[in-house]
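Here the structure is laid out as structure tokens; the discussion comes afterwards.
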Protein chains: 2
Amino acid sequence: MTANLAMAEKQQHQTTEIPSLCAEIIAVGTELLMGEVVNSNASFLSGELGRIGVNVFYHTAVGDNPKRIQGIFKEALSRSNILLVTGGLGPTDDDLTVSTLAALLDTPMVRDKVSESQIRKFFITRDMPMSPTNLKQADRPIDAEPLYNHMGTAPGLFWDVTEKVEQKGWGTGPKYILAFPGVPREMKAMWEAVALPKLKPLLPNQSVLITRFLKFFGIGESLLGEKLQDLMAQASPTVSPYVGQADVKIRIAAKAPTPQEAIDLIEPIEAEILARVGKYCYTKDDSLLEDVVGQLLKEKQLTLSVAESCTGGLISSRLTDISGSSDYILLNAVTYSNEAKQKLLGVSATTLEQYGAVSEQVASEMALGILKQANTDIGMSITGIAGPTGGSETKPIGLAYIGITSRNEKPLVKKVSVNPQYQRPYIKYWFSQYALNYLRLYLQDLLHSD
Amino acid sequence: MTANLAMAEKQQHQTTEIPSLCAEIIAVGTELLMGEVVNSNASFLSGELGRIGVNVFYHTAVGDNPKRIQGIFKEALSRSNILLVTGGLGPTDDDLTVSTLAALLDTPMVRDKVSESQIRKFFITRDMPMSPTNLKQADRPIDAEPLYNHMGTAPGLFWDVTEKVEQKGWGTGPKYILAFPGVPREMKAMWEAVALPKLKPLLPNQSVLITRFLKFFGIGESLLGEKLQDLMAQASPTVSPYVGQADVKIRIAAKAPTPQEAIDLIEPIEAEILARVGKYCYTKDDSLLEDVVGQLLKEKQLTLSVAESCTGGLISSRLTDISGSSDYILLNAVTYSNEAKQKLLGVSATTLEQYGAVSEQVASEMALGILKQANTDIGMSITGIAGPTGGSETKPIGLAYIGITSRNEKPLVKKVSVNPQYQRPYIKYWFSQYALNYLRLYLQDLLHSD
């Protein structure tokens with residue numbers, strides 16, 4: 001699956017003859033080693049570095065233990081140019097990142113006056129009592145610069161340690177340390193606002209990596225891989241599949257001296273992929289199905305209502321995650337009981353009796369019913385079995401019927417099946433993917449028929 | 001925040017005088033370094049090792065590059081007893097884990113007959129064409145054992161390399177390598193079915209770590225920290241707070257020779273915590289608010305209906321994530337437009353006119369309306385502003401009103417405010433937390449009043 005990424009990395013590795021800096025990401029914090037926190041900071045920062053053409057060769061996580069932290073830092077300084085360190089900047093005694101770095105590089109600490117006043121201000125503006133230990137966060141190695149944290153009390157750190165590392169004989173070439181708080185939203189804000197602008201000018205004129213994501217639904221990774229095998233075998237641009245939560249992404253990545261040159265490499269490949277499997281592709285800009293559907297509804301100035309049974313409101317919630325969805329969503333209903341299906345949607349007792357709640361006929365009547373009740377242009381429905389109970393021989397867990405209708409039109413109903421071994425919330429999510437994708441195809445056909 | 005975890009880790013570190021094995025987790029795969037995949041395997045395995053009393057001191061991720069992989073393995077074998085390696089077991093040329101390990105330890109590879117037949121069987125039973133490269137996955141170092149993968153084609157590996165590492169002069173003591181596929185569900189299944197049973201008998205009689213989570217809503221981490229400061233300062237059991245998605249967890253962890261002894265250490269601390277901040281605690285067994293509310297509704301044999309505006313179906317979806325929720329959920333409505341609020345819930349035009357859709361009065365009428373429409377014991381409503389647009393001076397983004405009523409009872413309405421800087425879906429989630437927690441308190445008062 002990662003053949004081309006590997007190739008890409010090997011290439012990147014070869015190109016290190018041209019001055020190109022490599023980085024590694026170090027997370028400090030025992031909570032990571034306890035398994036209760038996932039290190040999402042490492043993937044965020046890796047993606048960001050890739051975009052500015054910096055290769056990341058290692059991720060490391062280490063606990064709040066001075067000896068082990070120093071060992072990791074020494075190793076990292078010897079093999080990498082840029083260290084991005086997350087965590088260990090807090091006010092408590094176990095927050096060791098800065099003091100450990102200072103000790104490792106024999107550098108005295110000073111209290112940064114600007115950081116100190118910012119920390120005091122943080123508590124005053126929030127009318128919160130400040131503990132004196134908070135001021136410890138203003139301490140920095142004497143020749144390091146603080147990175148302002150506008151979302152929390154822990155300032156970050158930018159430190160050029162090129163000479164110190166060379167004097168120690170650990171390694172040569174540029175050596176920069178950037179330290180961030182471990183809280184993802186603080187780290188991200190700091191990266192964008194102060195760290196990236198600080199780092200970028202220091203980078204040699206190196207190639208940029210441009211990536212584009214095509215997202216697919218209704219085709220498996222293996223089949224997609226087969227159809228794109230030859231493209232995936234190419235060294236550049238690299239074409240690689242990723243299995244998403246309930247879809248597949250194809251990543252096209254190209255390295256070039258300038259963004260435009262990279263894009264010029266990507267576009268013919270993208271066109272070729274779409275020519276082969278375009279009908280399964282629901283976005284070329286990494287957006288979500290609810291975005292795509294929302295866009296289509298806006299373009300056509302159509303309103304939508306949804307009657308959900310087995311998804312319990314998930315489709316409605318996803319549709320309303322989109323800002324501006326109140327333009328096309330007026331009323332949705334979660335009709336869990338048969339009574340609700342009859343009373344609110346006018347599903348006939350006979351149909352429920354004769355075919356059961358999970359049936360093509362009921363999906364069809366639900367779609368017509370919600371369209372009438374909400375008086376929208378399009379009505380969509382879903383009825384199915386999310387499990388883990390309620391399955392039968394003829395109607396197994398994972399079975400659902402999706403209905404779609406618009407004014408003066410016979411409803412279309414699609415039968416879908418999801419792996420019954422999945423957890424109930426995941427089966428619900430798969431159902432919602434099927435429904436939103438079916439709606440997307442329905443809306444796109446409407447567009448074409450113009 | 002992790003003061004006590006740090007203490008715990010230091011303790012664990014001290015206890016290495018008693019033979020106690022330490023582990024590290026190594027992820028192999030360039031996709032991790034590209035930032036598109038989060039290394040959730042490391043946190044899962046760390047948690048599992050903690051439960052059997054094995055300390056994890058490092059996580060590492062490295063790309064599909066033989067030189068760097070060997071460097072990481074050598075370093076890890078010298079400082080740790082157990083290496084859990086994830087990824088790089090696939091059929092493609094860039095899947096290097098096994099061959100690189102064999103080369104590093106000068107060990108010839110053989111094709112495992114059992115694994116080979118299992119791989120062939122995998123494709124036959126699925127009626128899928130097998131590519132010859134798939135059989136490469138059956139290769140293993142001659143003195144290593146395969147770990148059966150019943151969810152995929154890549155067998156894992158168990159390899160006792162104690163002697164080889166000692167001969168190399170890299171380190172002494174037990175040295176075990178366990179390799180897993182990178183796909184989380186395959187890795188987890190393999191861990192539970194074959195790896196854990198294999199590893200456990202090899203461990204010295206060491207203490208077990210038992211953890212318990214109390215989850216809180218409506219109290220911030222800092223205030224919780226203040227109220228529990230003395231308990232958090234204790235070395236054992238350790239008491240540490242974690243900020244959740246929209247709540248705070250308190251983790252109580254104790255190490256002892258047996259689970260029962262650990263539990264005996266945990267329980268008095270738990271009782272003390274609940275005595276201080278119990279009213280904010282919504283679960284003692286790490287369950288979700290929708291679980292807790294569902295349990296209460298079942299106990300009381302009450303039915304519930306929800307009318308949502310700003311949350312767009314999220315509350316309904318969360319409630320129906322719980323298996324068996326059809327016992328107490330009959331009908332929920334997402335009344336996004338004013339028309340829907342009037343037509344379906346009977347909210348009066350005058351009220352909407354006079355107070356606006358986001359108001360105490362409308363929340364109250366919505367709760368009464370959905371109770372009547374769905375004919376349930378309890379009716380809940382929410383109306384608010386999820387942003388990023390639609391806020392005003394008097395009604396800012398993040399404002400919501402939650403209404404609750406039951407038959408022949410005046411509705412109660414709670415006003416809540418969420419940080420308007422949050423993303424729309426996250427504001428929706430906070431709203432749903434407030435609503436479910438308010439419902440929990442409402443139901444618990446009902447229980448008490450029995």
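Shape annotation for chain B: C-alpha extents along the principal axes are 85, 57, 42 Å, from largest to smallest. Solvent-accessible area of segment B:289-449 (1.4 angstrom probe, protein heavy atoms only): carbon and sulfur portion equals 49 percent. Shown here: the protein assembly as shown, whose C-alpha atoms stretch 79, 64, 57 Å along the first, second and third principal axes, sorted largest to smallest.
Phi angles across segment B:228-235 convert, under the Karplus curve 6.51 cos²θ - 1.76 cosθ + 1.60 with θ = phi - 60°, into 3J(HN,Hα) values of 10, 3, 4, 5, 6, 7, 5, 7 Hz, Gly and Pro given as x. Each peptide in A:307-320, B:79-92 receives the mean, over its residues, of other Cβ atoms within 10 Å, and ordering these scores from highest gives A:307-320, B:79-92.
Per-residue shielding of B:275-288, expressed as the average number of other chain Cβ atoms within 10 Å of the residue Cβ, stands at 0. Across segment B:271-284, computed HN-Hα scalar couplings (Karplus, 6.51 cos²θ - 1.76 cosθ + 1.60, θ = phi - 60°) run 4, 5, 4, 5, 5, 8, 10, x, 5, 8, 8, 9, 7, 10 Hz from first to last residue, x flagging Gly and Pro. Return the value, in Å² to the nearest 100, of accessible area buried between chains A and B (probe 1.4 Å, both sides summed). Roughly 6200 Å². Taking Cα atoms, how many degrees apart are the long axis of helix A:360-374 and the longest axis of chain A, rounded to 10 and kept between 0 and 90? The answer is roughly 80 degrees. Gain on full extension, evaluated as 0.36 nm per residue between B:Ser392 and B:Lys200 minus their Cα-Cα distance, stands at 63.1 nm. Mean-square fluctuations from a GNM of chain A, with a 10 angstrom spring cutoff on Cα atoms, peak among A:Phe213, A:Phe122, A:Phe158 at A:Phe122.
Per residue, the accessible area of chain A comes to 40 Å², computed with a 1.4 Å probe over protein heavy atoms only. Note on segment B:289-449: Cα-only Rg and Dmax are 14.6, 43 Å. Residues whose amide H falls under 5 Å from that of A:Gly88, counting only those 5 or more places apart or on a different chain, are A:Gly182, with hydrogens built in the peptide plane.
Sequence-distant contacts, meaning Cα pairs under 8 Å at least 6 residues apart, place the relative contact order of segment A:360-450 at 25 percent.
Ellipticity at 222 nm from helices only: DSSP H runs of n ≥ 4 in chain B, each -39500 (n - 2.57), divided by the residue count, give -12000 deg cm²/dmol. Computed extension length for B:Glu192-B:Asp327: 45.2 nm, one decimal, from 0.36 nm per residue of separation with the Cα-Cα distance subtracted.
Between the listed residues B:Met366, B:Ala23, A:Ile72, the Cα displaced farthest toward the positive end of the dipole of the protein assembly as shown, a dipole computed from Cβ unit charges relative to the Cα centre, is found at B:Met366. Applying 1/(1 + (r/R0)^6) with r as the Cβ-Cβ distance of A:Ser287 and B:Val243 and R0 = 25 angstrom yields a FRET efficiency of 0.30. Rounded to the nearest 20, the Cβ-based charge dipole of segment A:87-164 about its Cα centre (Lys and Arg +1, Asp and Glu -1) stands at 360 debye. Dipole of segment B:20-202 computed with +1 at Lys/Arg Cβ and -1 at Asp/Glu Cβ about the Cα centre; of B:Leu89, B:Val194, B:Leu32, farthest Cα towards the positive end is B:Val194. Placing unit charges on the Cβ atoms of the charged side chains and taking the dipole of chain B about its Cα centre, the candidate lying farthest along the positive direction among B:Ala144, B:Gln260, B:Leu274 is B:Leu274.
Spin-label model, B:Arg51/A:Lys410: points 7 Å from Cα along the beta carbon direction are separated by 5.4 nm.
Gyration tensor analysis over the Cα atoms of segment B:264-324 returns equivalent ellipsoid semi-axes of 29, 13, 11 Å (largest first, whole Å).
Around the Cα centre of segment B:20-202, unit charges on the Cβ atoms of Lys, Arg, Asp and Glu (plus for the first two, minus for the last two) sum to a dipole of about 280 debye.
The overall shape of segment A:20-202 is rounded: from the C-alpha gyration tensor, with semi-axes ordered a ≥ b ≥ c, the ratio a/c is less than 1.5.
Counts of other chain beta carbons within 10 angstrom of each beta carbon in peptide A:60-71 average 5. Where chain B is rotated onto chain A, the residue of B whose Cβ comes nearest the axis, and that gap in whole Å, is B:Gly313, 2. Cβ-Cβ distance of A:Ala275 and B:Ser348, R₀ of 51 Å, FRET efficiency by 1/(1 + (r/R0)^6): the value works out to about 0.35. Rounded to the nearest 20 debye, the dipole size of segment B:208-283 about its Cα centre is 200 debye, using +1 on the Cβ of Lys and Arg and -1 on the Cβ of Asp and Glu. Taking θ as phi - 60° and the Karplus parameters 6.51, -1.76 and 1.60, the scalar couplings of segment A:257-270 work out to x, 10, x, 4, 4, 5, 5, 4, 6, 6, 4, x, 5, 4 Hz in sequence order, x denoting glycine and proline.
The values are calculated or read from the model by the stated rules, or taken from the named source; none is laboratory data. What you see is a predicted model; the values in this text were computed from it and never measured. Backbone-built Cβ (ideal geometry, glycine too); neighbour counts: all protein chains shown. Accessible surface is based on the protein model in full, side chains and every heavy atom, while ligands, DNA and RNA are left aside. Shrake-Rupley method; radii C 1.70, N 1.55, O 1.52, S 1.80 Å.
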